[in-house]
Amino acid sequence: MASRPRYLVLASGSPRRLELLQQVGIEPERLMPADLDETPERSEHPRSLAKRLSKAKAEAAAAALNTVGEGDGRYVLAADTVVSVGRRIMPKAELEEDALANLRTLSGRTHRVYTGVCLVTPQGRLRQRLVETRVRFKRLTKMDIERYLASGEWRGKAGGYAIQGLAGGFVVRLVGSYTNVVGLPLYETLSLLEGEGFRTAPSLTGADEQEPA
């Protein structure tokens, strides 16, 4: 008897996370971004924040699927990325003044990028990974900062920059996963999925391509 097909729901509205999954041949069935308060708790460590928010996003999407009776056979994947200098959490830049403050802080310094990845399996099991990457920026000139602010690439980004854009030219040294800094550490994510029975390799025959029930 053929096994029931399984599908992936990405609990994120991030175009970057979607593109990274598509890059390795995974096309989520749907996107279900969670509307959560992402404010750090008092004295919360950046690592703890990334884990807590990724877990909350995955659980919220899984609960929403179960409420409408669509959780059967579906994996729910969520991630949250936090940028920090020491224990100081750099905010997502929504305003230009936020991005300016972030860039001034990151200039000439090493910072850490943490991404919490959380998977809820069709059986309701919850699995998590936390990935850390260290990034050092060159000392940014006034022109560097003005050009970057004018680009608008900072908008909505953790730490106020996107490494896959102009800010890639600021990086002097990177230790760890590059895709983690983009927003989803691919190696660890694929290992998590495969370890829980989700086939990440695309079918060569197309025999398993079925519409979800």
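The values are calculated or read from the model by the stated rules, or taken from the named source; none is laboratory data. These figures come from a predicted structure and were not determined experimentally. No Cβ is skipped: glycine too gets one built from the backbone with ideal geometry, and neighbour counts run over all protein chains shown.
Remarks
- In the set (1) of a type outside the set (S, T, N, Q); (2) surrounded by fewer than 19 Cβ atoms within 10 Å (Cβ to Cβ); (3) over 20 Å from Ala162 (Cα atoms), the condition left unmet by Leu100 is number (3).
- Meets criteria (touching a residue at least 60 places away in the same chain (Cβ under 8 Å) and more than 20 Å from Gly13 (Cβ to Cβ)) for Thr121: yes
- Scanning segment 155-169 for residues that are under 18 Å from Arg109 (Cα atoms), in contact with a helix residue (DSSP H, G or I) (Cβ under 7 Å, 6 or more places away or on another chain) and in contact (Cβ under 8 Å) with a residue 40 or more places away in the chain yields Gly159, Gly160, Tyr161.
- Near pairs, Cβ below 8 angstrom, 6+ apart or cross-chain, from segment 91-113 (at pLDDT below 95) to any residue that is polar (S, T, N, Q): Pro91/Asn102; Ala93/Asn102
- Qualifying residue in segment 56-69 (condition: assigned to a loop (DSSP other than H, G, I, E, B) and in contact (Cβ under 8 Å) with a residue 12 or more places away in the chain): no
- Flag for Gly206 being modelled with pLDDT under 95, under 15 Å from the mean Cα position of the chain (by Cα) and at positive phi: no
- When Arg155 is tested against the conditions (1) more than 20 Å from the chain's Cα centre (by Cα); (2) assigned to a loop (DSSP other than H, G, I, E, B), the lone failure is (1).
- Members of segment 17-45 found to be surrounded by 18 or more Cβ atoms within 10 Å (Cβ to Cβ) and under 14 Å from the mean Cα position of the chain (by Cα), listed by number: Arg17, Leu18, Leu20, Leu21, Met32, Ala34
- Restricting segment 46-74 to residues that are among the charged types (D, E, K, R) and more than 17 Å from the chain's Cα centre (by Cα) leaves a set whose member that is surrounded by the most Cβ atoms within 10 Å (Cβ to Cβ) is Arg74.
- Residues being outside any strand (DSSP E or B), closer than 24 Å to Arg88 by Cβ, polar (S, T, N, Q) and more than 20 Å from the chain's Cα centre (by Cα) - total across segment 101-131: 2
- Failed condition for Ala79, given (1) surrounded by fewer than 23 Cβ atoms within 10 Å (Cβ to Cβ); (2) in contact (Cβ under 8 Å) with a residue 24 or more places away in the chain; (3) within 30 Å of Ala150 (Cα to Cα): (1)
- Selection status of Leu36, closer than 15 Å to Gly183 by Cβ and in contact (Cβ under 8 Å) with a residue 12 or more places away in the chain: no
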